[in-house]
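Okay, structure first, notes after.
The values are calculated or read from the model by the stated rules, or taken from the named source; none is laboratory data. None of the values given here were measured: they were computed from a predicted structure. So basically every Cβ, Gly included, is an ideal-geometry build from the backbone, and we count neighbours across all protein chains shown. Note: accessible area is taken over every heavy atom of the protein model, side chains too, but ligands, DNA and RNA are not part of it. Shrake-Rupley method; radii C 1.70, N 1.55, O 1.52, S 1.80 Å.
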Amino acid sequence: MKKISCVILALLMVFTFASCGSKTKEYVIKDAALKPADRPDDDNIVFYQIFVGSFSDSNGDGIGDLKGVINRLDYLNDGKPDSGKSLGIEGIWLSPIFTSPSYHKYDVADYYEIDKDFGTEDDLKKLIEECHKRGIRLILDLPINHTSSQHKWFTNFVATHKTDNTGNVFYDYYTWYRSGGERPSGGGYSRVEGTDDFYECSFSGDMPELNYDNPLVVDDVLKIAKYYIALGVDGFRFDASKYVYFGDNERSARFWDAFIGELRKENPKLYIVHEVWDNDSVTFEYNTSGNCFDFTAAQSEGKIAMAAKAGNASVYTSYVENYISKLASINPDAVYVPFLANHDMDRAAGFLPVFNGRAYVAANLMLLGPGSPFIYYGEELGMKGTRGGANTDANRRLAMVWGDGDSIKDPEGTTYDSSKQIEDGAMAQMGKEDSLYTYYKRLIMIRNANPEIARGDYRYISFAGTKAGGFVSTYEGSTVCVVHNTSNDDLVLDLSGAGTFTELRAYAGVGTASLDGNTLTISSQTSAVLK
Ligand code: CA
Ligand code: CA
């Protein structure tokens, strides 16, 4: 582990105390250096998570679909890196698109068929083609720990258990035990109707868990993944990765090493990200086979939110330094994957509001930093949605607010009070200089114009006596310094401890920043990029 060689010393003085909560506050982003730079073709790109059924509807049935995603690609990335007219994301995570009885489709009944609500395989091929034209990598969500109870593997499994047909290939497709026998590990079991046998189902009885000790299952599932690789997808988000062998991270992680090792033979550059909803010491176990979402950074009490809510920015950036240093020792190809919220969480705008600037500070911490940040659809608009008293995840997956007559509707089961949703949709925000959308767009431009922000040798910096913090990153001989002032105070900071910087590349936030010699004057809730 490298020693932190850089500590920034002096807080010179504290200026005015900036009040929070004003709705008339202006958000400023300087865009002098926004031209995209040459960057390596690595995993350090900004992703956008699309919950397909809630995103954009192409045929008027109110359900989002693949053609709807194609219709909206120009909003996400128009393929012209310096047009300044689209969000500029370079990766898309599609929630599951395969045939499934549920609206969320995390219980798959046929992995080889696109759900009829979402379109056809030709639509998927067209989407892949259009993504690639624009330089977007498309990854599919592949839930393979469990299937739907309607999958033919499971209906066959049930049939063979009812007749005790032990010679049938499907007899051992799912993890099971017989009453009185030894119960394997597992979060939950349900009875196979009409028998004394019980099948594993940690999430619900409708989601039976595949038996990965059976090589036939492994082969069948590998075939599915390879089928979509051959179709042109660029990788996968793997659902519930730690549940493959319930309660046994070591075995589960080794399963993924072997499984993904096989897939990389088809395409060594696959983008892989695991959902391991756990603390870092557990997620690191899975980095041997790819990237893992950083759940410690997400949600209202996560590392990013705690810093963005006027906390200490260097607490976050020192955490990131430790994280990526550990990651490098496990797998030098793996990258850091921060996010604020996803489809299983209350939306970020609830705990990082737009009106008091916290949404902007959080975006600074996430996007002006290393790795591969994921934006949950509508987060760039400040869209709202919480599970609420009705306790339904549908409220976290509300219809994207386009504001141009898109026929997309909220998913079934929604109880969210739509009068609380944002007024300005995507179209309105695209036309406004001070919108959160425009802010996100420019942050991504700043990130892409300065490749050292997302990759390189990362060292955190702090400023004694302040809550400001940041990092210095050197990539291919070029060094940037990113300073986040998450506090409510305007600050004047001496950068000498971090290095010598002569150019203020960009700043973003509630106020402004200026550089005089090696002294940075930076407003409350503002970040600066220096070179
Ligand atoms: Ca539709
Ligand atoms: Ca399992």
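Out of everything in the range 166-176 that is hydroxyl-bearing (S, T, Y) and closer than 23 Å to A109 by Cα, what residue ends up being nearest to ligand 2 (Cβ to nearest atom)? Don't jump to the end; show me each part of the working.
Going residue by residue through the range 166-176, those that are hydroxyl-bearing (S, T, Y) are 166, 171, 173-175.
Narrowing the set further to residues that are closer than 23 Å to A109 by Cα leaves 171, 173-175.
Values: Y171: 18, Y173: 12, Y174: 9, T175: 7 Å.
For the range 166-176, the residue satisfying everything is T175.
Tally the residues that are more than 17 Å from Y323 (Cβ to Cβ) and not in a strand (DSSP E or B), restricting the search to the range 259-286. Even if it seems obvious, please write down each step before you answer.
Going residue by residue through the range 259-286, those that are more than 17 Å from Y323 (Cβ to Cβ) are 259-272, 275.
Then keep just the ones that are not in a strand (DSSP E or B); that gives 259-270, 275.
Residues flagged as more than 17 Å from Y323 (Cβ to Cβ) and not in a strand (DSSP E or B) within the range 259-286 amount to 13.
Taking the range 81-106 as the search range and keeping residues that are open to solvent by 10 Å² or more (accessible area, probe 1.4 Å), more than 30 Å from L34 (Cβ to Cβ) and not small (G, A, S), which one is farthest from ligand 1 (Cβ to nearest atom)?
Here the residue is Y106.
Could you give me the residue pairs with C-beta distances under 9 Å whose first residue belongs to the range 447-468 and is within 21 Å of Y323 (Cα to Cα), whose second residue is charged (D, E, K, R) and in a helix (DSSP H, G or I) wherever it lies, and which are 6+ apart or on separate chains?
These pairs meet every condition: I453/R447; A454/R447; Y458/E321; R459/E321; Y460/E321.
Return a yes/no flag: does the range 480-494 have any residue that is at positive phi, in contact with a Phe, Trp or Tyr (Cβ under 9 Å, 6 or more places away or on another chain) and at pLDDT 95 or above.
The answer is no, given that none of the residues of the range 480-494 is at positive phi, in contact with a Phe, Trp or Tyr (Cβ under 9 Å, 6 or more places away or on another chain) and at pLDDT 95 or above.
Within the bounds of the range 423-436, is there any residue that is loosely packed, with under 15 Cβ neighbours inside 10 Å, among the hydrophobic types (A, V, I, L, M, F, W, C) and either within 16 Å of ligand 2 (Cβ to nearest atom) or over 21 Å from the mean Cα position of the chain (by Cα) (or both)?
Checking the range 423-436: not a single residue is loosely packed, with under 15 Cβ neighbours inside 10 Å, among the hydrophobic types (A, V, I, L, M, F, W, C) and either within 16 Å of ligand 2 (Cβ to nearest atom) or over 21 Å from the mean Cα position of the chain (by Cα) (or both).
Return the residue satisfying two criteria in turn: it lies in the range 93-134 and is assigned to a helix (DSSP H, G or I) and of a type in the set (D, E, K, R), and of such residues it is nearest to D61 (Cα to Cα). Steps first, please.
Let us first name the residues in the range 93-134 that are assigned to a helix (DSSP H, G or I), namely 121-133.
Still in the running and of a type in the set (D, E, K, R): 121-123, 125-126, 129-130, 133.
Values: E121: 19, D122: 19, D123: 17, K125: 22, K126: 21, E129: 25, E130: 24, K133: 28 Å.
Checking each candidate, the answer is D123.
Within the range 291-405, considering only helices (runs of 4 or more DSSP H) that don't extend past its boundaries, which have at least 2 residues that are under 17 Å from the mean Cα position of the chain (by Cα), at pLDDT 95 or above and over 18 Å from I45 (Cα atoms)?
Fully inside the range 291-405 and qualifying: 303-308, 348-351.
Would a scan of the range 125-142 turn up a residue that is in contact with a Pro (Cβ under 9 Å, 6 or more places away or on another chain), at positive phi and more than 16 Å from ligand 1 (Cβ to nearest atom)?
Among the residues of the range 125-142, at least one is in contact with a Pro (Cβ under 9 Å, 6 or more places away or on another chain), at positive phi and more than 16 Å from ligand 1 (Cβ to nearest atom), which makes the answer yes.
If I go through the range 336-352 residue by residue, how many of them are open to solvent by 20 Å² or more (accessible area, probe 1.4 Å) and either among the β-branched types (V, I, T) or under 20 Å from D278 (Cα atoms) (or both)?
2
Take the residues of the range 35-55 that are touching a Phe, Trp or Tyr at 6+ places or on another chain (Cβ under 7 Å) and part of a loop (DSSP other than H, G, I, E, B): which is nearest to ligand 2 (Cβ to nearest atom)?
Across the range 35-55, the extreme among qualifying residues is F51.
Among the residues of the range 492-531, what is the count of those that are free of Cβ contacts under 8 Å to residues at least 60 places away in the same chain and out of contact with any strand residue (DSSP E or B) (no Cβ under 7 Å at 6 or more places or on another chain)?
4
For the range 489-526: of the residues being under 16 Å from V28 (Cα atoms) and among the β-branched types (V, I, T), which is surrounded by the fewest Cβ atoms within 10 Å (Cβ to Cβ)?
Across the range 489-526, the extreme among qualifying residues is T512.
Whether any residue in the range 68-75 is in a loop (DSSP other than H, G, I, E, B), open to solvent by less than 50 Å² (accessible area, probe 1.4 Å) and away from ligand 1 (no atom under 16 Å from the Cβ) is what I want to check.
No.
Please identify the pairs in which a residue from the range 228-255 that is on the phi < 0 side of the Ramachandran plot and free of Cβ contacts under 8 Å to residues at least 12 places away in the same chain has its Cβ atom under 6 Å from the Cβ atom of a residue that is open to solvent by 20 Å² or more (accessible area, probe 1.4 Å) and assigned to a loop (DSSP other than H, G, I, E, B), counting only partners at least 6 apart or on another chain.
So the pair list comes out as R251/Y245.
Which of the residues spanning the range 390-407 are open to solvent by 20 Å² or more (accessible area, probe 1.4 Å), touching a residue at least 24 places away in the same chain (Cβ under 8 Å) and not acidic (D, E)? It would help to see each step written out before you state the result.
Applying the first criterion (open to solvent by 20 Å² or more (accessible area, probe 1.4 Å)) to the range 390-407 yields 390-393, 396, 401, 403-407.
This time we only want the ones that are touching a residue at least 24 places away in the same chain (Cβ under 8 Å), so: 390, 393, 396, 401, 403, 406-407.
Result: A390, R396, V401, G403, S407.
For the range 135-165, which residues satisfy the criterion of being surrounded by 20 or more Cβ atoms within 10 Å (Cβ to Cβ), in a loop (DSSP other than H, G, I, E, B) and away from ligand 2 (no atom under 16 Å from the Cβ)?
I136
If you take the residues of the range 408-422 that are more than 16 Å from ligand 1 (Cβ to nearest atom) and part of a loop (DSSP other than H, G, I, E, B), which of them is surrounded by the fewest Cβ atoms within 10 Å (Cβ to Cβ)? So that I can check it myself, show each step before the final result.
Of the range 408-422, the ones more than 16 Å from ligand 1 (Cβ to nearest atom) are 413-422.
Keeping just the survivors that are part of a loop (DSSP other than H, G, I, E, B) gives 413-417, 421-422.
Numbers: G413: 13, T414: 21, T415: 13, Y416: 21, D417: 10, Q421: 19, I422: 18.
Filtering the range 408-422 for residues that are more than 16 Å from ligand 1 (Cβ to nearest atom) and part of a loop (DSSP other than H, G, I, E, B), the one surrounded by the fewest Cβ atoms within 10 Å (Cβ to Cβ) comes out as D417.
Yes or no: the range 271-279 includes at least one residue that is closer than 27 Å to G469 by Cα and out of contact with any Gly (no Cβ under 6 Å at 6 or more places or on another chain).
yes
H132 passes all but one of (1) more than 22 Å from the chain's Cα centre (by Cα); (2) loosely packed, with under 15 Cβ neighbours inside 10 Å; (3) not small (G, A, S); which number fails?
(1)
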